[in-house]
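Step one of this worksheet: look at the structure below.
The values are calculated or read from the model by the stated rules, or taken from the named source; none is laboratory data. Owing to the predicted nature of the structure, the values given are computational and were not obtained by experimental measurement. Methodologically, a virtual Cβ is constructed for each residue, glycine included, from the backbone with ideal geometry; neighbour enumeration extends over all protein chains shown.
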Amino acid sequence: MKIAILSRGPSLYSTKRLIEASKSKGHTVRVINPLKCYMNITAHKPEVYYEQEKLTGFDAVIPRIGASITFYGLAVLRQFEMMGVYCLNESVAIGRSRDKLRSLQLLSRKGIGMPVTAFAHNPGDTKNVIQLVKGAPLVMKLLEGTQGVGVVLAETNKAAESVIEAFRGLNANILVQEYIEEAKGSDIRCFVLGEKVIAAMMRTAKEGEFRSNLHRGGSAKIVKLTPEERSTAVRSAKILGLNCAGVDILRSNHGPVVMEVNSSPGLEGIELSTNKDVANSIIEFIEKNATPGKTRTKGKG
């Protein structure tokens, strides 16, 4: 097979592991920076060019598109879809996951457990929004934030009002969420591939921090999931249309609640903490599913 990895970071752990796994199975693999692509979007013969070369003959694309280039990255991915190339995660599904508000609305509609979440525009609604999520302590998140950036814990209602009004003064869109105190600064990253959770780790925030992201100094260890947690993770990925996803879950007093669904989950933390070859599993999944024309959306989204 000829596999393209859409990534700006060929030296990143996840990209390198996918290259290694592809080559170990005899596949040809190429890392393509989506920002260096340009496209002929003619309806009858869509084309993608990369540094003056027309890209042809690819059997599959693995999108590793950073949040900062979502718009252009998805445009390139849609072009591959229109060319009939199989994509591990399709553009429409990635777009849903990157819009935190939309993704939570879709999950809620299908009955997935979540922390109580509020969203509003008018600064005059601040006190009501805080009460909707049961008051402080509460968590505020920028819709565009990733890896724990733009996430604030307010321990009092007064602090929450100040932060909300500051964010609104910057015309920033924010979500306000109930703080799940019983989770004790830990969450579970479930790595979903197809219809299964193939690996899971518990991430715990460092002392004095409430965000458990490994990029913020959190630690990780292997964890045993309950059947309900497995089902919640798989259903969440499926609702958004993702074949490969990192589903972040908190253990609350009323069962698992989903915090976020990540469409480009990193491999380093999950592989090192669980000792599982996740990259190899991804390539095996592609081998089984990458047939010409199998793309569901074909660039329509």
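Couple of notes before you dig in:
- Residue count for region 11-40 satisfying the condition of being of a type in the set (Gly, Ala, Ser) and either in a strand (DSSP E or B) or buried (at least 20 other Cβ atoms within 10 Å of the Cβ) (or both): 3.
- Filtered by the rule that a residue be part of a strand (DSSP E or B), at pLDDT 85 or above and β-branched (Val, Ile, Thr), region 174-183 gives a lone residue, 176.
- Candidate set: region 95-121, residues that are among the aliphatic types (A, V, I, L, M) and modelled with pLDDT under 95; chosen: the one surrounded by the most Cβ atoms within 10 Å (Cβ to Cβ): 104
- Sole exception among (1) in the same structural domain as residue 6 (by TED's automatic domain parsing); (2) crowded, with 22+ Cβ neighbours inside 10 Å for residue 68, by number: (2)
- Conditions (1) farther than 22 Å from residue 205 by Cβ; (2) out of contact with any Cys (no Cβ under 8 Å at 6 or more places or on another chain); (3) of a type in the set (S, T, N, Q); number of the one not met by residue 252: (1)
- Count - residues of region 142-173 that are at pLDDT 80 or above and either in contact with a helix residue (DSSP H, G or I) (Cβ under 7 Å, 6 or more places away or on another chain) or among the polar types (S, T, N, Q) (or both): 9
- Every residue from region 83-142 that is farther than 30 Å from residue 3 by Cβ, in a loop (DSSP other than H, G, I, E, B) and of a type in the set (S, T, N, Q): 122
- Test: residue in region 289-301 that is in a helix (DSSP H, G or I) and either farther than 25 Å from residue 16 by Cα or at pLDDT 90 or above (or both): yes
- Counting only residues that are touching a strand residue (DSSP E or B) at 6+ places or on another chain (Cβ under 9 Å) and in contact (Cβ under 8 Å) with a residue 40 or more places away in the chain, region 216-234 holds 8 of them.
- Cβ-Cβ contacts under 7 Å between residues 6 or more apart (or on different chains), taken from a first residue in region 252-267 that is assigned by TED's automatic domain parsing to the domain that holds residue 227 and within 25 Å of residue 279 (Cβ to Cβ) to a second residue that is of a type in the set (S, T, N, Q) and in a loop (DSSP other than H, G, I, E, B), are listed as 263/89.
- Considering the conditions (1) modelled with pLDDT under 95; (2) crowded, with 20+ Cβ neighbours inside 10 Å; (3) part of a helix (DSSP H, G or I), residue 76 is excluded by exactly one of them, (1).
- Residue selected from region 149-194 under the condition in contact (Cβ under 8 Å) with a residue 40 or more places away in the chain and exposed (fewer than 13 other Cβ atoms within 10 Å of the Cβ), by the criterion farthest from residue 252 (Cα to Cα): 165
- Some residue of region 45-63 being polar (S, T, N, Q) and not in a loop (DSSP other than H, G, I, E, B): no
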